[in-house]
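Note sheet for the following structure.
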Amino acid sequence: MKRVVYNFSPGPAALPKEVIQQAADEMTDWRGSGLSVMEMSHRGKEFTEILANAKSDLRALLSIPDNYQILFMQGGAIAENAVVPMNLVGRKSQQPATIDFVNTGHWSVKTIEEAHKYAKVNIAASSEDAGFTYIPARDTWKLTPDAAYVHICTNETIGGVEFDYTPEVGDVPLVGDMSSNILSREFDVSKYAVIYAGAQKNIGPSGVTIVIVRDDMLGHALPICPSAFDWKLVVEHDSMFNTPPTYPIYIAGLVFQHVLKLGGVAAMEKINIQKADLIYNYLNSTDFYINRVPAAHRSRMNVPFFLRDESLNAKFIEEADKNDLVQLKGHSSVGGMRASIYNAMPLEGVQKLVAFMKDFEKKYG
Ligand code: PMP
């Protein structure tokens, strides 16, 4: 008997069951080609079609304007922490250029650490004073007028804080790490100069990184930038400067099709609001569990919570697992629990989790 669970992993995360099933059905013979997607030449007609469809479906899903390019890259968001400055600081005549950062948690910190190699760093705002539990208000940011760009992480996967708007930053290019909330809510791509996201939360398996870049950001890579990470070269080779991660791109394409079929990003957002409300409303109603993020800043994707009596942590994980609710343990840097409820988590999964949390409270509260 196969085990069926609700998977709350922060990433690599649950994929839609339908997508996994379709990939299984097509595993040994992709649509009559006699080939598994894993065995195809990336330059052959079959994979060329897979890539073109993935690109146009993502463009449709996010209403990406024509003056933006979609790149399928490797190295994850961590590599982009170097790739972004290597491609953008060269736009400034004065070196070292300054990059403005809004520091909202673990992933912002990583981005900032890497940027020091390529530029002067200005922390325009930070929520470190309160343990990264909020998004600093836009009117408190101290931006540099001629910065190379402003960087934000739109959803902090570990801290569970999320921007619920796109900040205005004037003429300075805005760069967003959307690894953990892309495709989960509507937003205006044209407010950003560059968006990047590792795939392994809302898009597909790990191994492919999506970069969406406005045309005027191309062609400024520093001489030290590896060719495979020079966005202009990657665009010119249609994401095939090197062999792209073909299988993750194929799965990402299936996910895009699936989301389109469900009604697109607007439909996902509606369900995501329902799911997040369900769990946060319960957390608001009890003091058996704690969430440290004020309501306005709470992530719809990652819900960290703590048992007031931390000695019950192991029991919680063990009993949740017995109820087929898995991968709920919080990140080692913060402890407690975290429920990641990306697009592929159905409403029933969150209902079952909340019911379990209530039962657990009754039993041990
Ligand atoms: N940024 C965010 C917001 C993330 O959630 C993660 C991964 N959890 C990363 C960056 C790093 O991604 P990767 O390990 O794929 O490079």
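Over the stretch 199-275, what is the relative contact order in whole percent, taking alpha-carbon pairs under 8 Å and six or more residues apart?
Numbers: 43 pairs, mean separation 24.3, N = 77.
About 32 percent, as a whole number.
Compute the separation of the alpha-carbon centres of the stretch 35-89 and the stretch 225-304 and state it in Å as a whole number.
Result: 16 Å between the Cα centres.
Using the Karplus equation 6.51 cos²θ - 1.76 cosθ + 1.60 (θ = phi - 60°), what ³J(HN,Hα) coupling, rounded to whole Hz, does each residue of the stretch 114-131 give in order, writing x for Gly and Pro?
Residue by residue, the stretch 114-131 yields 5, 5, 3, 5, 10, 6, 7, 10, 10, 7, 6, 6, 8, 10, 4, 4, 10, x Hz.
If we count every other residue with Cβ under 14 angstrom of residue 154's Cβ, Lys/Arg +1 and Asp/Glu -1, where does the sum land?
Residues near residue 154 contribute -2 overall.
Nearest 0.05, what FRET efficiency do residue 216 and residue 93 give at R0 = 22 Å with Cβ-Cβ as r?
Rounded to the nearest 0.05, the efficiency is 0.90.
State which entries of 270/315; 45/191; 142/232; 275/329; 2/270 exceed 28 angstrom in Cα-Cα distance in the structure shown.
The answer is 270/315; 45/191; 142/232; 2/270.
Which net charge results for the neighbourhood of residue 86, defined as the other residues with beta-carbon distances under 14 angstrom from its beta-carbon, given Lys and Arg at +1 and Asp and Glu at -1? Intermediate values should be presented prior to the final figure.
Values: positive: 91, 92, 117, 232; negative: 80, 114, 230.
In short, +1.
How would you rank 208, 354, 293, going from fewest to most other Cβ atoms within 10 Å of each one's own Cβ?
Numbers: 208 28, 354 17, 293 24.
Ascending number of Cβ neighbours within 10 Å: 354, 293, 208.
At residue 120 and residue 74, where each label point lies 7 Å from the Cα along Cα→Cβ, what is the point-to-point distance in nanometres?
Once both label points are built, they end up 3.7 nm from each other.
When a footprinting reagent is the concern and you count Cβ atoms within 10 Å, what order do 78, 251, 182, 271 take, fewest first? Intermediate results must be reported in sequence, preceding the final value.
Values: 78 15, 251 23, 182 28, 271 18.
Fewest-to-most ranking of 78, 251, 182, 271: 78, 271, 251, 182.
Less than 15 Å from a label point 7 Å out along the Cα-to-Cβ axis of residue 164: which backbone N atoms in the stretch 117-139 qualify, by residue?
Once the point is set 7 Å along Cα→Cβ of residue 164, 134-138 turn out to lie under 15 Å by backbone N, inside the stretch 117-139.
When only Cα pairs under 8 Å and 6 or more residues apart are kept, what is the percent relative contact order across the chain?
Details: 674 pairs, mean separation 84.7, N = 365.
Normalised by residue count, the contact order of the chain is 23 percent.
So how do 189-200, 226-237 stack up, highest first, on mean other-Cβ count within 10 Å? Walk me through the intermediate numbers first.
Values: 189-200: 22.2, 226-237: 17.6.
Order by mean packing, descending: 189-200, 226-237.
Using the per-residue mean of other Cβ atoms lying within 10 Å as a proxy for protection, in what order, highest first, do the peptides 339-348, 110-119, 30-39 fall? Each step should come with its number before you reach the end.
Numbers: 339-348: 21.7, 110-119: 17.5, 30-39: 13.6.
Packing order, densest peptide first, comes out as 339-348, 110-119, 30-39.
Counting other beta carbons within 10 Å of each residue's own, what order do 3, 298 fall into, fewest first? Intermediate values should be presented prior to the final figure.
Details: 3 6, 298 23.
The fewest-first ordering by Cβ neighbours comes to 3, 298.
Within straight cross-link reach of residue 363, meaning Cα distance under 20 Å, which aspartates and glutamates are found once same-chain residues fewer than 8 apart are removed?
287, 309, 310, 318, 319, 321, 324
Ignoring everything except DSSP H segments at least 4 long, calculate the 222 nm mean residue ellipticity for the chain; use -39,500 (n - 2.57) per segment, divide by total residues, nearest 500.
Details: 9 runs with 123 residues, N = 365.
Mean residue ellipticity, 222 nm, calculated: -11000 deg cm²/dmol.
Return the distance in nm (one decimal) between the two label points of a simple spin-label model at residue 310 and residue 186, each offset 7 Å from Cα along Cα→Cβ.
Simple spin-label model gives 4.2 nm for this pair.
State whether the chain is rounded, prolate or oblate according to the following rule on the C-alpha gyration tensor (a ≥ b ≥ c being the square roots of its eigenvalues): a/c under 1.5 gives rounded; otherwise a/b larger than b/c gives prolate, and the remaining case gives oblate.
Values: a/c = 2.10, a/b = 1.17, b/c = 1.79.
Cα axes put the chain in the oblate bin.
Once label points are set 7 Å from the Cα along Cα→Cβ at both residue 352 and residue 331, what is their separation, rounded to one decimal in nm?
Here the modelled spin labels are 2.7 nm apart.
With θ set to phi - 60°, apply the Karplus curve 6.51 cos²θ - 1.76 cosθ + 1.60 along the stretch 331-341 and write out the HN-Hα couplings as whole Hz, x wherever there is a Gly or Pro.
Rounded to whole hertz, the list is 5, 4, 6, 10, x, x, 10, 8, 9, 8, 10.
Values quoted throughout were computed directly from the atomic coordinates according to the rules given, and no laboratory measurement underlies them. Owing to the predicted nature of the structure, the values given are computational and were not obtained by experimental measurement. Backbone-built Cβ (ideal geometry, glycine too); neighbour counts: all protein chains shown.
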